[in-house]
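These notes are about the structure you will find just below.
The values are calculated or read from the model by the stated rules, or taken from the named source; none is laboratory data. These numbers come from a predicted model, not from an experiment. Neighbour counts run over all protein chains shown; Cβ positions are idealised from the backbone, glycine included. Ligands, DNA and RNA are stripped out before the accessible areas are found, and what is left, the full protein with its side chains, is counted by its heavy atoms. Shrake-Rupley method; radii C 1.70, N 1.55, O 1.52, S 1.80 Å.
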Amino acid sequence: MMGTIVDVVLYSQGKTGSEAALKAFERIRQIEESAHASEEGAPLSRVKQAKGARITGDLKPILETAMLVSRASSGAFDPTMGEVVYLWGFGREDYRLPEPQEIERALENA
């Protein structure tokens, strides 16, 4: 999930632990969906397409944190570069070396 390994550690007795684990993974899936830029109709995808769109729900704190990290790193972390990063296949696991023209087009959209 979220491009990495997700572990949930619970301490419980009886069935409540497995139910809580299922709810935790479902919540992580919901958050992941809201921040997925490449899926049409996903909140982040809609924000990218509509300048000045209202950002709400799970996406708002994600983007606020991304901008804080970007400022703190003097731009070394750039949350607008997702489209460029995806060219190499990260997030899809179909790794490849993109053509220079593809990179230029993606940078124009960043």
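Values as computed for the structure displayed
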{"item": "Mean Cβ neighbour count within 10 Å, used as a protection proxy, ranking 42-48, 75-81 highest first", "result": "42-48, 75-81"}
{"item": "Mean accessible surface per residue for the chain, computed with a 1.4 Å probe while every protein chain stays in place, in Å²", "result": "78"}
{"item": "Accessible-area composition of the chain, carbon plus sulfur, in percent [1.4 Å probe]", "result": "56"}
{"item": "Helix-only [θ]222 nm of the chain, DSSP H runs n ≥ 4, -39500 (n - 2.57) each, per residue, nearest 500", "result": "-15500 deg cm²/dmol"}
{"item": "Given (1) 80; (2) 100; (3) 141, the label whose value is volume of the Cα convex hull per residue in Å³ derived from this model", "result": "(3)"}
{"item": "Farthest toward positive dipole pole in the chain [+1 Lys/Arg, -1 Asp/Glu at C-beta], among Met81, Asn109, Ala50", "result": "Ala50"}
